[in-house]
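Novice: Have a look at this one before I ask anything.
Since every read-out is calculated from the coordinates, none of them should be taken as a lab result. Just so it is clear, the structure is predicted and the values come from calculations on it, not from any experiment. All Cβ positions, glycine included, derive from the backbone under ideal geometry; neighbour counts span all protein chains shown.
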Amino acid sequence: MSDLVQASRATGIVARLRRVRLADLETPPMVGIAVAVVVWALVVVFAEPWGRLWGTGQDARCYYQATLAEPYLHSAWNDPIAYVYSPAFLQLVSPLTALPWQAFMAVWTALLIGSVRFLTGPRLLAAGLLFPFTAMEVAGGNISLLLAAAIVLGFRWPATWALVLLTKITPGIGLLWFAVRGEWRSLAIALGATAAIATVSYVTIPEAWPRWFEVILANAGKGGTWASVPIPLLIRLPAAVALVVWGARTDRRWTVPVASMLALPALWYGGISMLLAVIPLLGDRQERRQRPEPSI
């Protein structure tokens, strides 16, 4: 019964959001820049010392503390500093983890805010950053905003899906978009890029990959904490599949990031910030229909 209540509440939230016109939330670009600077400064300042009440960077600390020599020292699902992503992702961020903690947070937070700017554009940047779930995500330093940006970019450059598949994995359900539409080249690029990155990573640190698979199996089926939507993945995943299949058949790209969000292993409240990826995709179908056919 509690799952039905939560689902009903979620439906109500979506209905209310649909009544909000994006144009009503626009501000001059300079306002967005000012909000971005303030948010960035607050997150960086409150990141040090780590671990204090109301401190920032709780999720980012998971990547910062992990080492290539022993990446899965902390890997239990609800460990506050658990690292559960692939060795390839750790190799990607390891140059940043060589920085002092606060400097790392300065760069990492700038990347997340940059992702918000990419998803919202200049006039919706302030609204995007002040969206409560986005504020939570930027403060915590999780990667949902990066995944959202990768999904949007993936329509043009499918290789960006590698970031999704080599981190949270299950949001990769969005790749059904290509399968349902018969866009096999795009699907092959997404999977091929992922396989290529994984192969290179395996060659450099082969001992870490079997351990990652062990971590995945050990944490499979575990939910989140009080900070996540209490609807199990087994309920959310079929809904995500249905949504992306419907979206693919009706040419609605915005369904892909929404479905990927629903398919997060644990739907942390900050993960709802992936809804920002809907913004650049909302008018995409009409624009593509109005685009003139290339001359032969």
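Novice: Classify the range 145-265 as rounded, prolate or oblate, taking a ≥ b ≥ c as the square roots of the eigenvalues of its Cα gyration tensor: rounded when a/c is under 1.5, otherwise prolate if a/b is larger than b/c and oblate if not.
Specialist: Values: a/c = 2.13, a/b = 1.11, b/c = 1.92.
Judged from the Cα gyration tensor, the range 145-265 comes out oblate (a/c at least 1.5, b/c at or above a/b).
Novice: Let me ask you something else. Calculate, axis by axis, the spread of Cα positions in the range 53-138 along the three principal axes, and write the results as whole Å, longest axis first.
Specialist: Here the Cα extents, ordered largest to smallest, are 44, 26, 22 Å.
Novice: Assign unit charges at the C-beta atoms only (+1 for Lys and Arg, -1 for Asp and Glu), then state the dipole size of the range 2-282 relative to its Cα centre in Debye, rounded to the nearest 20.
Specialist: Values: 19 positive and 12 negative charges, 181 e Å.
With only Lys, Arg, Asp and Glu charged at Cβ, the dipole is about 860 debye.
Novice: Could I ask something else about it? Please report GLU207, GLU137, GLU26 as a ranked list, fewest other C-beta atoms within 10 angstrom at the top and most at the bottom.
Specialist: Working: GLU207 11, GLU137 28, GLU26 18.
Lowest count first: GLU207, GLU26, GLU137.
Novice: Shifting gears a bit: Once the mean 1/r over all distinct Cα pairs of the range 28-98 is inverted, what Kirkwood radius in angstroms do you read off?
Specialist: Hydrodynamic radius (Kirkwood, Cα pairs) of the range 28-98 is 13.8 Å.
Novice: Please report, in whole Å, how far the alpha carbons of the chain spread along each principal axis, starting with the longest.
Specialist: 53, 51, 42
Novice: Along the charge dipole of the chain, which of MET261, LEU281, SER94 sits closest to the positive end, that is, farthest toward it, with unit charges on the beta carbon of Lys, Arg, Asp and Glu (+1, +1, -1, -1)?
Specialist: Going by the charge dipole, the pick is LEU281.
Novice: Just tell me, in residue order, which DSSP H segments of the chain are both 18 angstrom or longer along the helix axis (alpha-carbon based) and at least 0.5 in mean Kyte-Doolittle hydropathy.
Specialist: Numbers: long enough: 2-18 (24 Å, 0.16); 29-45 (24 Å, 2.72); 101-120 (28 Å, 1.24); 184-204 (30 Å, 1.19); 233-250 (25 Å, 1.49).
Once both thresholds are applied, what remains is 29-45, 101-120, 184-204, 233-250.
Novice: In whole angstrom, and with the biggest value first, how far do the Cα coordinates of the range 123-197 range along each principal axis?
Specialist: Largest to smallest, the principal-axis extents are 38, 24, 16 Å.
Novice: Neighbour counts of other C-beta atoms within 10 Å: give me ILE151, ILE113, ILE143, ILE81 arranged from fewest to most. Each step should come with its number before you reach the end.
Specialist: Working: ILE151 29, ILE113 22, ILE143 26, ILE81 19.
Going from least to most buried by this count: ILE81, ILE113, ILE143, ILE151.
Novice: Just to be sure I understand the model, the point goes 7 Å from the Cα along the line to the Cβ. What's the resulting TYR202 to ALA220 distance in nm?
Specialist: Roughly 1.8 nm, to one decimal.
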